[in-house]
Every structure is written in structure tokens, then in C-alpha cells.
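Visitor: For reference, the structure I am asking about is given below.
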Amino acid sequence: MLKESPDHHDADLILKIYDLRMEAVLRESRAKLRAEFWPGNAEEAIAITRGDHPLNTAYRQVSTYWEMVYGMAHHGVIHPDFLIDNNAEGLTNFARIEPYLAEIRAATSPRSFQHTEWAAVHTEMGQRLMSIFRPRVAHELAARKARR
């Protein structure tokens, strides 16, 4: 059952999630993906899932971190909209791979990004933010393509 409203336990979890985001290796991985991972097609989105890809370690660390975080909301541990309102970065990453989600799942696991997708599609805050992030990602991809 999902929480109806946030409480002090949710606030405590939000602060812990923030502290974990500041951990050095996770911070470096997040920065690498933000700068370098902009898949323009399914092939590029799937390539990063292979162990020999230079961004694979960063990708696994960041994607599983956000999957764990959004899983807490999906399973009712923390209020979903409160969590997403304070931790939307995982949805910005999801907006990059969302167009290729079926291909990623076929190549890796049918459970890939299940909690992040839930946060993006089935929560009010997730829907609102994804309506902002999807066009931003499309704009950035177009700009990167034009620079090539």
C-alpha cells in the first residue's frame, strides 16, 4: 500500500538518499553519465549494458541506485510524490533510455527499470516531471547530433 502523505520518516529517508548521492564513486558515475551518455538509438542504449563498454560500471551503479530508490516508493516505504519531488535525477536518466526500454529489456532483463518506469508513469509528480524531461532530452540529442 502506498503512503497517503509524507511524514518525518520520509524526510529522514530523503536525507539519507541525498547523503548516498554525495558518495564519491556514485557522484563520479553520475557526472560521467550526465556528460557522456546520450543514446540516439537502441543500439547505443544497449551497448552501455555490455561489460566492456567504458561507461558500463557507471551505468550499472547509477541505474541500480535509482531503481532501488524508486523501488522504495513503489513498495510503499516512502511517499512517492515527496520522493520524486526531491529526487528527480533518476527520471532524467530514464528519459534518455525510455524510447529504447523494450530493446533494453529484451537484451538484458524484462525487469530493467521497472521501478523507475513506475515512478515516471504512475505517479503524479513523475508524470509532471517527465513531461519536462522528455523534451529536454530530445532537444539535447538534437543539439548533439547537429554538432557532429
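The values are calculated or read from the model by the stated rules, or taken from the named source; none is laboratory data. Just so you know, these numbers come straight off a predicted model, no measurement behind them. Reconstructed Cβ throughout: ideal geometry from the backbone, glycine too, with neighbour counts over all protein chains shown. Only protein heavy atoms, including side chains, enter the accessible area calculation; ligands, DNA and RNA are left aside. Shrake-Rupley method; radii C 1.70, N 1.55, O 1.52, S 1.80 Å.
Visitor: Report yes if Ile48 is surrounded by 14 or more Cβ atoms within 10 Å (Cβ to Cβ), modelled with pLDDT of 95 or more and under 19 Å from Lys3 (Cα atoms), otherwise no. Spell out the reasoning first.
Guide: Working: surrounded by 14 or more Cβ atoms within 10 Å (Cβ to Cβ): yes; modelled with pLDDT of 95 or more: yes; under 19 Å from Lys3 (Cα atoms): no.
In short, no.
Visitor: Say we look at segment 66-108 and pick out the residues that are among the hydroxyl-bearing types (Ser, Thr, Tyr), under 15 Å from the mean Cα position of the chain (by Cα) and open to solvent by 20 Å² or more (accessible area, probe 1.4 Å); which of these is nearest to Arg21 (Cα to Cα)?
Guide: Among those that are among the hydroxyl-bearing types (Ser, Thr, Tyr), under 15 Å from the mean Cα position of the chain (by Cα) and open to solvent by 20 Å² or more (accessible area, probe 1.4 Å), it is Thr92.
Visitor: Still on this structure: On the basis of being in a helix (DSSP H, G or I), open to solvent by 50 Å² or more (accessible area, probe 1.4 Å) and not β-branched (Val, Ile, Thr), does Ala120 make the cut? Even if it seems obvious, please write down each step before you answer.
Guide: Details: in a helix (DSSP H, G or I): yes; open to solvent by 50 Å² or more (accessible area, probe 1.4 Å): no; not β-branched (Val, Ile, Thr): yes.
No; evaluated as a whole, the condition is false for this residue.
Yes or no, residue by residue, for (1) charged (D, E, K, R); (2) surrounded by fewer than 16 Cβ atoms within 10 Å (Cβ to Cβ):
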{"site": "Lys3", "(1), (2)": "yes, no"}
{"site": "Lys16", "(1), (2)": "yes, yes"}
{"site": "Met22", "(1), (2)": "no, yes"}
{"site": "Arg27", "(1), (2)": "yes, yes"}
{"site": "Lys32", "(1), (2)": "yes, no"}
{"site": "Gly40", "(1), (2)": "no, yes"}
{"site": "Glu44", "(1), (2)": "yes, yes"}
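Visitor: Right, next: Cβ contacts < 6 Å: first residue farther than 16 Å from Ile84 by Cβ, restricted to segment 131-145; second residue surrounded by 13 or more Cβ atoms within 10 Å (Cβ to Cβ) and among the small types (Gly, Ala, Ser), any location; separation 6+ or different chain. Result?
Guide: Val137/Ala95; Leu141/Gly40
Visitor: From (1) closer than 20 Å to Ala119 by Cβ; (2) touching a residue at least 40 places away in the same chain (Cβ under 8 Å), pick out the condition that doesn't hold for Ala42.
Guide: So Ala42 meets the others, but not (1).
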